[in-house]
1. Arrange the peptides 69-76, 81-88 so that the one whose residues have, on average, the most other Cβ atoms within 10 Å appears first.
2. Explain nothing, just compute: Karplus ³J(HN,Hα) = 6.51 cos²θ - 1.76 cosθ + 1.60, θ = phi - 60°, for every residue of segment 70-84 in order, whole Hz, x for Gly and Pro.
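Values in this text are rule-based calculations from the coordinates and carry no lab data. Quantities reported herein were computed from a predicted structural model and do not represent experimental measurements. Cβ placement follows ideal geometry from the backbone for every residue including glycine, while neighbour counts extend to all protein chains displayed.
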Amino acid sequence: MVSLSVAGLSELLGSLGGAVKIVPAAALSVRGAAEEGAENMRANVAVRSGATRDSVGVDADGLSASYGPTTPYAPFIEHGTYKDAPQPFAEQSAEAGADDLAVKLLLAGSSF
């Protein structure tokens, strides 16, 4: 599972007072980045039966979200085995998701 979260935002908002409008926008940004990361993961996973691709889901709650496959053999696809070469899909998705989240949070903050 890939996890995205915004740490320290509650403390920052407490000290800013009137900037509370940012929290819903940030939560939407976190969910949006997770959805995009999951879509990227689905697009890049090696497909034999489609089960791992179809198992990629998103769990978002406020300022944190996680996404990833639920098939028990997904790590073997990602990292390989002694018989099969690695076919990475999760790590590159996590990197893209983190970049997307940073951009979305900057845009959410600039709209207020």
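1. By packing density, highest mean first, the sequence is 69-76, 81-88.
2. Couplings: 10, 5, x, 9, 4, x, 6, 5, 5, 9, x, 9, 5, 9, 10 Hz.
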